[in-house]
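**Student:** First the structure, which I've put down as structure tokens, then a few questions once you've had a look.
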Amino acid sequence: MINLVHLEPRAREIIALYEYPKAAMLPLLWLVQENEGYVSCKAEAWVARMLGVALARVREVVSFYNMFHTQPVGRRELRVCTSLPCVLRGSGELMRRIQRELKIAPGETTPGGEVTLTEVECLCACEMAPMAQLDERFVGPVQLDAASEGATVATLVQDARTAPGRLEATPDPEPYIYTEGPVLSSRLMDADGTWLEAYGDYAGARKALTSMKPGEVITEVSRANLRGLGGAGFPAGRKWSFIPKAVDKPVYLVVNADEGEPGTFKDRYIMERDPHMLLEGMLIAAYAIGSHKAYVYIRGEYFLSAQRLQRAIDEACAAGWLGKDIQGTGFDLEVVIHRGAGAYICGEETALLTSLEGGKGFPRLKPPFPAISGLFACPTIVNNVETLSCVPFILRNGAEHFAAIGTESQGGTRLFCVSGHVNRPGVYEVPVSVTLHELIGDFTGGVREGRALKAVIPGGISAKVLTADEIDVVMDFDSLRAAGSMAGSGGVIVMDEMTCMVEALESAARFFADESCGQCSPCREGTGWVHRIVRRITEGRGKPRDLDDLLAIAGDMEGKTICVFADAAAWPVQSYITKFRTEFEDFVAAGRRTPSAEVAQCRT
Ligand SMILES: Cc1cc2nc3c(=O)[nH]c(=O)nc-3n(C[C@H](O)[C@H](O)[C@H](O)COP(=O)(O)O)c2cc1C
Ligand code: SF4
């Protein structure tokens, strides 16, 4: 008989962090799962009672998020990423070998209850591809060639079977970080995190709080041409100016750290390795918009990010940079970390807010925009981790300096996340005036094994694919839009000449079918339909009319739904088929990969 009385004191502390008890839904479910191993029916009833909500409400939330288990699982969880960046580096073979070793299929647990194997969509550790997550720890790149050094399938399976206790998150021991700074990456090299002693004074925040009015801070950020780096590229200063001037409700700052776009992993680097840079940016933003409460919504799989950011918050509170009467200025700011639980759609800002309020991650219709009616129906600014992390530099060095680093319409640098078939996958901080050609050719060491480039996705999996002939494009938002794609989240996925574009599309289509929240028919039905057709083609059962059907379905998904997820799901279909039509036709006709793609299969 499950008895959760011992968790009640901790549950009450958690509930007290939120304005409304029901907002503590996800943290309480995490509390239960971390203590009991899974969320049983009895535990759901306990959560409902603690929060004063209907049991049905708890059940629907549990079923929405893929990290909550409703049945007991193995002592250790092995989650294998099967999204495109990992597929390109051999995750299919990785999964096959793990299954052979463990003698179980995805979704099953080994007979002794040791290991549960799960197939998951992007864990946003694409620089480690092919990779897996063992309990909390990211492991990768897993070497498929037994002679190579580093983690292998054998060591991964051995750890899964025998490591004592739960495996905690540790930083990637050998990340590739290229810094042409100076905005974001100067301290990212430190694998142990940059703690307050090394970070030093919050000089930008000190300047803002002691010598500037909130409106002056907004003007400074606007003049810097800082664009939102979560995907949409909306000017940050302009967004902040939308908060109503005279408002009788609390104003919230919400940090979008849900980082779920396949090909993107930069926010994790900031939170793990330079958390004070984010906190200082948050403090400046909160001061500018008049917010005294900020939430950081971190994706559930980012255990280390949450731990390190919490440590930094504690340090900042102790040093008087957070909390009441910050540095004697009279300004207060409380920061609460809120962990997601495995749902890509919660990265969409309104879905994130619904999730933060304790519900399923359902996007909401806009308008009203969050700046008018956001969290708990109060004015809210949602900004990405990287966006806010640029703000201290702007305040310290001046808007002109930041603006001058970038292009006319976008200031600064960006942390580009490069994955796929390059010699050095990793995080690259370079000015946004860099071209895609330069980024791949000059910085990443080029395409691996001297192969030719075939295609690049420049801004996360939702962005339209560019061919090798289209990469002489500047990487700012406006230039990539003019080139028919988008800068999006800065996730650059590189595909070499051997890549099979049909199989690449199958991976993208599966992702969107898995991650649709299901509210809108064109999205719910369209993503599933697209995936079924593309999968049928990859299985050799394609029909000549499939390609036109796919384009027609994709066309019907665009511009008709609550959020732009459906559009984002349509764009890969349209761009892959239009730009590589002959390859798709050949695949359908032959019922299999074209010869060049076959060679790739042999080599990976
Ligand atoms: C389907 C979808 C997923 C998104 N995922 C993320 C995400 O993981 N992280 C993020 O910062 N923004 C994401 N966004 C963009 C957010 O909705 C929003 O524009 C952003 O958080 C605003 O911050 P910014 O202005 O600083 O970019 C996503 C948007 C959509 C439509
Ligand atoms: S477009 Fe898709 S993800 Fe967005 S609200 Fe509609 S069903 Fe949900």
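The values are calculated or read from the model by the stated rules, or taken from the named source; none is laboratory data. Model, not experiment: these values are computed from the prediction. Here the Cβ is made from the backbone with ideal geometry for all residues, glycine too, and neighbour counts use every protein chain on show. Side chains included, ligands, DNA and RNA excluded: accessible areas come from the protein's heavy atoms. Shrake-Rupley method; radii C 1.70, N 1.55, O 1.52, S 1.80 Å.
**Student:** From the list GLY228, GLY200, GLY233, which residue is more than 27 Å from the chain's Cα centre (by Cα), more than 16 Å from ligand 2 (Cβ to nearest atom) and within 28 Å of TYR302 (Cα to Cα)?
**Tutor:** Result of the check over GLY228, GLY200, GLY233: GLY200.
**Student:** Let me ask another. Quick check on my filter: what residues within region 20-36 are more than 26 Å from the chain's Cα centre (by Cα) and either of a type in the set (D, E, K, R) or within 21 Å of GLY323 (Cβ to Cβ) (or both)?
**Tutor:** Scanning region 20-36 gives a single hit, GLU36.
**Student:** For region 373-387, check the following and say yes or no: at least one residue is in a helix (DSSP H, G or I), of a type in the set (A, V, I, L, M), modelled with pLDDT of 95 or more and within 16 Å of ligand 2 (Cβ to nearest atom).
**Tutor:** For region 373-387, residues in a helix (DSSP H, G or I), of a type in the set (A, V, I, L, M), modelled with pLDDT of 95 or more and within 16 Å of ligand 2 (Cβ to nearest atom): absent.
**Student:** Would you check if GLU8 is within 25 Å of VAL296 (Cβ to Cβ) and acidic (Asp, Glu)?
**Tutor:** For GLU8, the condition - within 25 Å of VAL296 (Cβ to Cβ) and acidic (Asp, Glu) - is not met.
**Student:** I would also like to ask the following. Report yes if GLU386 is within 24 Å of PHE265 (Cβ to Cβ) and open to solvent by less than 30 Å² (accessible area, probe 1.4 Å), otherwise no.
**Tutor:** Spelling it out, GLU386 is indeed within 24 Å of PHE265 (Cβ to Cβ) and open to solvent by less than 30 Å² (accessible area, probe 1.4 Å).
**Student:** How about region 339-386: which of its residues are away from ligand 1 (no atom under 13 Å from the Cβ), closer than 19 Å to ASN66 by Cα and not hydrophobic (A, V, I, L, M, F, W, C)?
**Tutor:** Result: ARG339, GLU357, GLY358, GLY359, LYS360.
**Student:** Within region 515-531, can you find the residues that are outside any helix (DSSP H, G or I), in contact with a helix residue (DSSP H, G or I) (Cβ under 7 Å, 6 or more places away or on another chain) and within 13 Å of ligand 1 (Cβ to nearest atom)?
**Tutor:** Hits for region 515-531 are SER516, CYS517, CYS520.
**Student:** Could I ask something else about it? Select from region 532-559 the residues that are open to solvent by less than 60 Å² (accessible area, probe 1.4 Å) and assigned to a loop (DSSP other than H, G, I, E, B) and list them in ascending order.
**Tutor:** Listed by number, the residues that qualify are GLY540, GLY542.
**Student:** Let me ask another. From (1) at pLDDT below 95; (2) in contact with a Ser or Thr (Cβ under 8 Å, 6 or more places away or on another chain), pick out the condition that doesn't hold for THR152.
**Tutor:** That leaves (2) as the condition not met.
**Student:** Which of the numbered conditions does LEU505 fail, given that it passes all the others? Conditions: (1) within 16 Å of ligand 1 (Cβ to nearest atom); (2) touching a residue at least 40 places away in the same chain (Cβ under 8 Å).
**Tutor:** Just one mismatch for LEU505, condition (1).
**Student:** Got at least one residue in region 574-584 being surrounded by 16 or more Cβ atoms within 10 Å (Cβ to Cβ), acidic (Asp, Glu) and within 13 Å of ligand 2 (Cβ to nearest atom)?
**Tutor:** The answer is no; no qualifying residue exists.
**Student:** Further question: Restricting attention to region 561-571, does a residue exist that is open to solvent by less than 10 Å² (accessible area, probe 1.4 Å), modelled with pLDDT of 95 or more and more than 16 Å from ligand 2 (Cβ to nearest atom)?
**Tutor:** Among the residues of region 561-571, not one is open to solvent by less than 10 Å² (accessible area, probe 1.4 Å), modelled with pLDDT of 95 or more and more than 16 Å from ligand 2 (Cβ to nearest atom), which makes the answer no.
**Student:** Same structure again: State yes or no: is GLY488 in a loop (DSSP other than H, G, I, E, B), modelled with pLDDT of 95 or more and crowded, with 20+ Cβ neighbours inside 10 Å?
**Tutor:** When the stated conditions are applied, GLY488 passes them.
Conditions tested, residue by residue: (1) modelled with pLDDT under 95; (2) within 16 Å of ligand 2 (Cβ to nearest atom); (3) more than 25 Å from the chain's Cα centre (by Cα); (4) surrounded by fewer than 24 Cβ atoms within 10 Å (Cβ to Cβ).
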site: HIS276; (1), (2), (3), (4): no, no, no, no
site: LEU279; (1), (2), (3), (4): no, no, no, no
site: LEU283; (1), (2), (3), (4): no, no, no, no
site: LYS293; (1), (2), (3), (4): no, no, no, yes
site: ARG311; (1), (2), (3), (4): no, no, no, yes
site: CYS317; (1), (2), (3), (4): no, no, yes, yes
site: THR329; (1), (2), (3), (4): no, no, yes, yes
site: VAL336; (1), (2), (3), (4): no, no, no, yes
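**Student:** Picking from LEU88, LEU117, which residue would you name as being open to solvent by less than 10 Å² (accessible area, probe 1.4 Å) and either among the hydroxyl-bearing types (Ser, Thr, Tyr) or within 28 Å of ILE298 (Cβ to Cβ) (or both)?
**Tutor:** Only one candidate passes the filter, namely LEU117.
**Student:** Sticking with this structure for a sec: Please go through (1) within 23 Å of MET501 (Cβ to Cβ); (2) open to solvent by less than 10 Å² (accessible area, probe 1.4 Å); (3) outside any strand (DSSP E or B) for GLN410 and return the number of the only condition it doesn't satisfy.
**Tutor:** (1)
**Student:** Considering only region 92-134, state which residues are part of a helix (DSSP H, G or I) and without any contact (Cβ under 8 Å) to a residue 40 or more places away in the chain.
**Tutor:** GLY92, MET95, ARG96, GLN99, ARG100
**Student:** Return the residue satisfying two criteria in turn: it lies in region 343-372 and is open to solvent by less than 10 Å² (accessible area, probe 1.4 Å) and among the hydroxyl-bearing types (Ser, Thr, Tyr), and of such residues it is nearest to ligand 2 (Cβ to nearest atom).
**Tutor:** That would be THR350.
**Student:** Considering each residue of region 213-250, count those that are open to solvent by less than 10 Å² (accessible area, probe 1.4 Å), more than 8 Å from ligand 1 (Cβ to nearest atom) and not in a helix (DSSP H, G or I), and give that number.
**Tutor:** 2
**Student:** State all residues of region 152-195 that are assigned to a strand (DSSP E or B) and open to solvent by 30 Å² or more (accessible area, probe 1.4 Å); if no residue qualifies, say none.
**Tutor:** Within region 152-195, TYR178, THR179 qualify.
**Student:** Looking at region 493-512, is at least one residue assigned to a loop (DSSP other than H, G, I, E, B), surrounded by fewer than 19 Cβ atoms within 10 Å (Cβ to Cβ) and on the phi < 0 side of the Ramachandran plot?
**Tutor:** So far as region 493-512 goes, yes, one or more of its residues are assigned to a loop (DSSP other than H, G, I, E, B), surrounded by fewer than 19 Cβ atoms within 10 Å (Cβ to Cβ) and on the phi < 0 side of the Ramachandran plot.
**Student:** Name the residues in region 135-151 that are under 18 Å from ARG76 (Cα atoms) and surrounded by fewer than 21 Cβ atoms within 10 Å (Cβ to Cβ), would you?
**Tutor:** The answer is ASP135, GLU136, ARG137, ALA151.
**Student:** Please verify whether region 31-39 includes one or more residues that are touching a helix residue (DSSP H, G or I) at 6+ places or on another chain (Cβ under 6 Å) and farther than 20 Å from ASP135 by Cα.
**Tutor:** No, region 31-39 has no match at all.
**Student:** Under the condition of being outside any helix (DSSP H, G or I) and within 16 Å of ligand 1 (Cβ to nearest atom), which residue from region 462-484 is most open to solvent (accessible area, probe 1.4 Å)?
**Tutor:** The extreme case among them is LYS464.
The rows are residues; the columns are (1) more than 11 Å from ligand 2 (Cβ to nearest atom); (2) farther than 26 Å from GLU259 by Cα.
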position	(1), (2)
PHE511	yes, no
CYS520	no, no
ARG532	yes, yes
ASP549	yes, yes
ILE553	yes, yes
